[in-house]
Every structure is written in C-alpha cells, then in structure tokens.
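S.K.: Quick one: this structure, given as structure tokens, is what I'll be asking you about.
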Amino acid sequence: MKKMILMAFLLLSIAAAGQQSTKQDTLNVFPKPKVDRRVELMSIVFRLAGNEEYSGEYFKNYIRDIHNHFDTLKNHPLIAFATKLREENGVSYDAVMKMAFHIGQPPLFIPQVNFDDAVPEQRWGKENAMKFIELLRDFYTVSHFEEFYTAHAALYTLAEERFLPIYKSLNIDWYNQYYGTTPNGTFNVLICMGNGGGNYGGKIVFPDGREDAYAVMGTWSVDSTGNPVYRKQSYFPILVHEFNHSYVNPIIDKNKQQLESSGKIMFEPVERKMKRIAYGSWQTMMYESLVRASVIRYLIKYDTYSNARSQLIDEVGNGFYWMQGLTNLLSEYEHRRDKYPTLESFMPKVAQFYDKYAKQSPKMYELKR
C-alpha cells in the first residue's frame with residue numbers, strides 16, 4: 001500500500017521550494033507565541049473534571065504541580081458543572097479551547113463577542129456558557145490561580161522561547177493567498193503546558209467582520225531536564241493544520257448540503273478509525289480531510305518533498321484513504337486560480353470528487369481496515 005502511495009505521490013505537481021520569508025510586515029498580524037492564562041486555566045478545569053483529552057501526563061513535572069495546587073478544588077461547583085457539560089452536551093476537545101479564547105483575561109473573563117447558542121461553540125449554548133463564566137470567576141479566585149501562574153512564569157517564558165523556531169518557520173501569508181481571502185485579523189499561537197497532545201484551532205468573528213484566528217498548541221515532549229521541547233518535525237505540521245481550521249470549517253459548513261450524502265457514505269466504513277482519533281461524525285471527518293490535504297499542499301510548496309510524502313502516508317494510515325486524490329485535486333485548484341479565485345469557489349469540484357469516491361466499491365475499504 002505504501003509503495004503505491006509513494007509512486008502516486010510522484011505525480012503531484014511540486015512547486016519549487018524557495019526560501020520563505022519569515023519576517024511579517026507587523027507583529028500585530030502574527031504576534032509571537034505565548035502561554036495564556038485563559039488556556040491554562042481551562043485546561044486545568046477540564047483535567048479536574050475528568051476529560052480524558054485533558055488528562056495526559058506527558059509533561060510530568062507540570063502536571064504534578066497542577067495536582068498539588070488544584071486537587072483540593074475538585075469539589076468546587078465549577079468542576080461538577082464542567083463534568084455535567086461533558087456528559088450531557090459533549091463539551092470537550094476544541095469546545096473547551098474555543099471558550100478559552102472567546103473570553104477576556106481574568107478576573108472578569110468578559111466575552112469578547114456576544115454569546116449565543118452557537119458562540120463560542122454550539123455544544124455550550126448561551127445559558128450554560130454564561131453560568132460557566134460566573135463559576136469560573138469564583139474558581140479563579142478561591143484556587144489562587146494567579147499564584148500558580150506567577151510561580152511558573154520562568155517555565156512559560158522558556159516554552160515561548162523554545163517554540164519560536166516553529167513560529168518563525170510559518171509563512172502566514174500563505175493562508176489568505178491560498179484560500180483567496182482578504183487579510184483581516186490576527187493569527188495567534190497559544191501554547192498550553194497541560195494539553196499534552198491536544199491541539200485545537202478556531203477563530204473569533206467580530207461584528208465589524210474582523211476574524212482573529214487561533215492555534216492552541218499542546219506540549220507533549222520534554223528534554224532530559226523535564227522541560228518542554230518543540231521539535232519542528234512533530235510540531236510544525238500541526239501548527240499549519242490548526243490555522244487551516246479557521247478557513248476550512250466555515251467552507252464545509254456552507255457546503256454541508258452538497259457534501260452530506262457522500263460524507264455519510266464515506267464515514268461509515270472508516271467510523272472506527274475516525275473515532276479513535278476523536279472524529280465522531282461525517283462532518284468532522286470532512287473538516288479534517290480538507291485541512292489535512294491543505295497541509296500537504298503547504299508542505300509541498302514551502303517545506304520538503306520528504307515531509308509532504310510522510311504526511312500523506314500518515315493521513316492514509318489515519319483512515320483518510322482518499323487523501324492522495326484530494327491532494328492532487330487541490331493541485332488543480334492552485335493552477336487554475338483564474339477560474340477559481342477562492343477555495344470556496346472550488347468546492348463544487350471537491351463535492352464531485354467525494355461523490356465519485358463514495359460510489360466506489362465498499363470492498364476497497366475492507367482491504368484497508
């Protein structure tokens with residue numbers, strides 16, 4: 001199977017990988033990565049609430065400090081409410097981090113935009129979101145979170161410094177060029193010490209049309225001293241990935257009707273594999289599919305052939321068996337921008353691709369399970 005993928009991958013149109021500019025016109029558009037109080041606090045809250053995805057032990061020294069400081073607060077009403085939200089509404093994974101960057105800094109945590117039943121994320125709902133913030137204010141105070149955060153200031157600075165090479169490698173201009181959008185907002189990298197292998201993307205849409213994109217990056221590797229280390233091979237593709245979600249998810253949502261039939265057919269044979277990596281619906285699979293294909297297109301253009309090929313093989317292994325064809329299809333989009341000025345305008349071709357793929361024999365899947 002891998003040999004077939006490697007041979008097919010040679011057919012991809014590979015743009016000459018040039019030396020990309022790492023200097024942005026202004027840091028106001030792409031500020032340096034930072035550790036953020038809201039992200040750390042939300043990660044800790046849902047760790048105490050028992051969310052599996054926030055319970056990793058990768059960064060052992062820091063996780064030990066979390067338990068030593070916060071475990072006595074497990075009976076706080078906020079933790080019980082967070083548990084209820086997970087069990088009854090599915091508030092987990094990216095929904096947690098979307099709340100984190102949709103609220104202002106402590107101690108007030110004022111929403112940055114008006115909340116409704118879809119903002120910060122539909123799994124919250126406005127009433128639950130506002131109740132959560134009220135309880136969060138109290139938890140922040142009684143837990144002495146600021147003392148914990150201040151005590152780890154040197155660690156946070158070290159993490160920010162060590163993440164800089166990853167940050168500097170990213171060509172942020174690619175996103176608006178690739179998706180055909182007008183620059184309007186900021187790109188923010190938030191490093192989370194307690195998220196382990198969890199990484200999340202999303203954006204805030206303001207009433208004036210400005211859109212601030214976020215990539216929340218976990219920490220899952222440490223050096224011999226137990227301090228965080230960020231290796232490009234592991235972290236860089238994920239950083240590219242998470243910012244893509246701010247563009248891709250709305251496009252999939254707008255084309256939901258055209259994608260639903262094929263999406264459901266394609267999801268059924270790979271459901272077990274998708275759920276292993278926390279993708280529980282055809283729509284989430286569609287988000288991830290286009291995001292991952294776009295990451296490969298980025299790596300083809302700006303990184304190395306070897307890394308792009310490895311990424312493709314990984315995605316097929318994850319159950320995205322159509323990734324080769326979708327990646328090739330996006331090559332057509334890149335070379336026909338006169339006809340398709342935006343990726344959204346290219347979505348009829350993507351829908352046709354999925355329709356054709358969905359009609360292929362289910363036996364093909366059986367061979368790949």
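The values are calculated or read from the model by the stated rules, or taken from the named source; none is laboratory data. Everything quoted here is computed from the prediction, not taken from an experiment. Neighbour counts are summed over all protein chains in view; Cβ atoms, including those assigned to glycine, are modelled from backbone coordinates with ideal geometry. Just so you know, the surface numbers come from the protein's heavy atoms only, side chains and all, with ligands and any DNA or RNA stripped out. Shrake-Rupley method; radii C 1.70, N 1.55, O 1.52, S 1.80 Å.
S.K.: For the chain, what is the convex hull volume of the alpha-carbon atoms per residue, in Å³?
M.R.: Numbers: hull volume 54.1 nm³, N = 369.
Value for the chain: 147 Å³ per residue.
S.K.: With angles folded into 0 to 90 degrees, how steeply does helix 153-169 sit against the dominant principal axis of the chain? Use alpha carbons for both and round to 10.
M.R.: 10
S.K.: May I pose another question? Once you have the Cα-Cα distance between residue 116 and residue 271, take 0.36 nm times their residue separation minus that, and quote the gain in nm to one decimal. The partial results should precede the final answer.
M.R.: Numbers: separation 155, 0.36 × 155 = 55.80 nm, distance 3.10 nm.
Gain on stretching residue 116 to residue 271: 52.7 nm.
S.K.: Could you sort out which of 168/301; 203/264; 264/349; 84/275; 60/275; 32/232 sit more than 20 Å apart by Cα distance in this structure?
M.R.: On the way: 168/301 16 Å; 203/264 27 Å; 264/349 18 Å; 84/275 22 Å; 60/275 27 Å; 32/232 16 Å.
203/264; 84/275; 60/275, as the Cα separations exceed 20 Å there.
S.K.: Helix 60-70 versus the longest principal axis of the chain: what angle, 0 to 90°, nearest 10, using Cα atoms?
M.R.: Around 40 degrees separate the two axes.
S.K.: With contacts defined as alpha carbon pairs under 8 Å and 6 or more residues apart, what's the relative contact order of the stretch 34-85 in percent? Present the calculation step by step, with values, prior to reporting the outcome.
M.R.: Numbers: 23 pairs, mean separation 25.2, N = 52.
Once divided by the residue count of the stretch 34-85, the mean separation gives 48 percent.
S.K.: Any chance you could list P(r) for the stretch 250-369, counting all Cα-Cα pairs in 5 angstrom bins from zero, rounded to whole %?
M.R.: In order of increasing distance, the bins hold 2, 11, 21, 24, 21, 14, 6, 1, 0 percent.
S.K.: Here's a follow-up. So, counting K/R as plus one and D/E as minus one, what does the shell of residues with Cβ under 10 Å around residue 196 add up to? Kindly include the intermediate steps, with their values, before the conclusion.
M.R.: On the way: positive: 47; negative: 53, 57.
Surrounding charge for residue 196 is -1.
S.K.: Sort the stretch 93-168 into rounded, prolate or oblate with this rule: let a ≥ b ≥ c be the square roots of the eigenvalues of the Cα gyration tensor; rounded if a/c is under 1.5, and if a/c is not under 1.5, prolate when a/b is larger than b/c, oblate otherwise.
M.R.: Working: a/c = 2.96, a/b = 1.45, b/c = 2.04.
Oblate, since a/c reaches 1.5 and b/c is not below a/b.
S.K.: Sort 89-100, 150-161 by the packing proxy (mean of other Cβ within 10 Å over each peptide's residues), most packed first. Walk me through the numbers before you get to the answer.
M.R.: Working: 89-100: 22.3, 150-161: 14.4.
Highest-to-lowest ranking by the protection proxy: 89-100, 150-161.
S.K.: First measure r as the distance between the Cβ atoms of residue 253 and residue 108, then evaluate 1/(1 + (r/R0)^6) with R0 = 45 Å and state the FRET efficiency to the nearest 0.05. Before the final figure, lay out each step's value.
M.R.: Values: r = 31 Å, r/R0 = 0.69.
FRET efficiency, residue 253 to residue 108: 0.90.
S.K.: Okay, next question. Kindly sort 223, 117, 212, 338 by accessible area of their heavy atoms, largest first, with the probe set to 1.4 Å. Numbers along the way, then the final one.
M.R.: Values: 223 45, 117 105, 212 15, 338 125 Å².
From most accessible down to least: 338, 117, 223, 212.
S.K.: Continuing with the same structure: Sticking with the crude label model, points 7 Å out along Cα→Cβ, report the distance from residue 60 to residue 160 in nm, one decimal please.
M.R.: Taking the two extended label points, one gets 2.9 nm.
S.K.: Which whole-number percent is the relative contact order of the chain (Cα, under 8 Å, 6+ apart)?
M.R.: On the way: 479 pairs, mean separation 74.7, N = 369.
With pairs under 8 Å counted, the relative contact order is 20 percent.
S.K.: Note the angle between two axes, namely the Cα long axis of helix 126-142 and the longest principal axis of the Cα atoms of the chain, as a number of degrees from 0 to 90, rounded to the nearest 10.
M.R.: 50
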